[in-house]
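To start, the structure itself, in structure tokens.
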Amino acid sequence: MSKLINCLINKDFSCKPVWFMRQAGRYLPEFRKIRQKNQNFIKLCLDKDLSSEITLQPIKRFNLDAAIIFSDILIVPFALNQSVNFKSLNGPRLARFDIEKFMRVKKADFLKTLDPVYQAISKTRKNLSKEKSLICFVGSPWTLLTYMLNIDKANFISSNLDKSLKNQDQNKVLEKLIEFLKAHIEQQTKAGADIVQIFDSWAGLLDLRSLHRFCFIPNKELVSFCREKNIPTICFPKGIKTNYKKFVDFVKPNGISIDYDLDPEWAQSNLGNICIQGGMNPSVLLENEKIALKETERYLKIFKDKPYIFNLGHGILPNTNPTIIKKIVEKIRAI
Ligand code: CP3
């Protein structure tokens, strides 16, 4: 059994497994080398050999307990016939959302487009030792929608959502996304992934009423599906502050990834005996080594009597020095 599963499912708190969101990425020179030769990011995600190679890069460098398949949440809208462009400096840009085009995509075609992801997963699994997990992931429907509808995140107001997508179309789109995300999760686990992480990176934009409809309910549907299929889940509803408690009680995932805005002591005392993951601010890794290691110790101490997976409160920043990751892993191994 992998160390992450032992922590997530058996709630064994004697060991603290570690991995990092965005552990394969631009802070690694070996990733930048491949990326430079592959300008089309979606095409790179759909290259099974390169995707598998990139997935294993941080595993080779650091003694991590899990690999996360190199892909992107936006591969799903791409496979739903909406083109995606990563060249813009303001983050990824998607072509204008066309509901008819979206509704027309059949599941078999969607899964066929994503087949290289499944092949990359089986190839990667063969090169990973048994005690290491292979994590697959999806973006939650809401976070996908923020990109699909090109929502202006800096000026978003929940009540204005109807301007982006007519109210009667919202349910249709949500339902189709949920159905197709379930299929994508199932195929990824059939190919050899043993945990799924559901990223709701933009949950923090929603007011309480919309949070229930666009975040809690879709996350719960995905988690319940996974539970039926015995697939362990970790949810990351970033930015929802103390609504993390409501989320955990309602959605009931196996693990909950906390962001750097949430007080870890509050999480420790309010989220029950669920396995907690992450929390530390990624910008701490840009400070000197002493500060980063001290903060690592603080998180380990707070969660010492809990099932806890060490990670950050969001992804590793591109200007992070890889050496600090190595030092943090060494610190965790030494406890
Ligand atoms: O964690 C990993 O190492 C696995 C790979 C992974 C990527 N994206 C690769 C990537 C994962 C798990 C993601 C998830 C993802 N993608 C999320 C959820 C997590 C989060 O960060 O909130 C979101 C919102 C996206 C959408 C996305 N993809 C954005 C906003 C961007 C551009 C900004 C950025 O952070 O780089 C991407 C591009 C992207 N996805 C890169 C990588 C390595 C950088 C691509 C490049 O080299 O230009």
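Neighbours of residue 25, meaning other residues whose beta-carbon lies under 12 angstrom from its beta-carbon, give a summed charge of +2 when Lys and Arg score +1 and Asp and Glu score -1. Bridgeable aspartates and glutamates around residue 106 (alpha carbons under 16 Å apart, same-chain partners fewer than 8 residues away excluded): 98, 115, 175, 179. Strictly over 29 Å apart at the Cα level, which of 126/290; 87/327; 3/290; 153/241 would you flag in this model? Distance filter (> 29 Å) returns 126/290; 87/327. Holding the Cα-Cα limit at 27 Å, pick out from 176/220; 252/301; 33/229; 130/220 the pairs that are longer than that. The pairs that break the limit, which is 27 Å between Cα atoms, are 33/229; 130/220.
Alpha-carbon geometry of segment 13-107: the Rg and the Dmax are 16.1, 52 Å, given in that order. In the chain, the convex hull through the Cα atoms has an average projected area of 15.5 nm², a quarter of its surface area. Accessible surface computed residue by residue for the chain, with neighbouring protein chains in place and a 1.4 Å probe, gives 46 Å² per residue.
What a 1.4 Å probe finds exposed on the chain is 49% carbon and sulfur by accessible area, rounded to a whole percent. Ranked by the mean number of other Cβ atoms within 10 Å of their residues, highest first, the peptides 70-77, 127-134 fall in the order 70-77, 127-134. Bridgeable aspartates and glutamates around residue 304 (alpha carbons under 20 Å apart, same-chain partners fewer than 8 residues away excluded): 12, 65, 259, 263, 265, 295, 330. Beta bridges assigned by DSSP with both partners in the chain are antiparallel in approximately 10 percent of cases.
Using R₀ = 41 Å, calculate the FRET efficiency as 1/(1 + (r/R₀)^6) where r is the Cβ-Cβ separation of residue 32 and residue 157; round to 0.05. Computed FRET efficiency for residue 32 and residue 157: 0.60. Among 115-126, 259-270, sorting by the average number of other beta carbon atoms lying within 10 angstrom of each residue, highest first, gives 115-126, 259-270.
The values are calculated or read from the model by the stated rules, or taken from the named source; none is laboratory data. All values reported here derive from a predicted model rather than from experimental measurement. Cβ sites come from the backbone with ideal geometry, for glycine too, and all protein chains shown count toward neighbours. Surface areas here come from the heavy atoms of the whole protein model, side chains and all, with no ligands, DNA or RNA. Shrake-Rupley method; radii C 1.70, N 1.55, O 1.52, S 1.80 Å.
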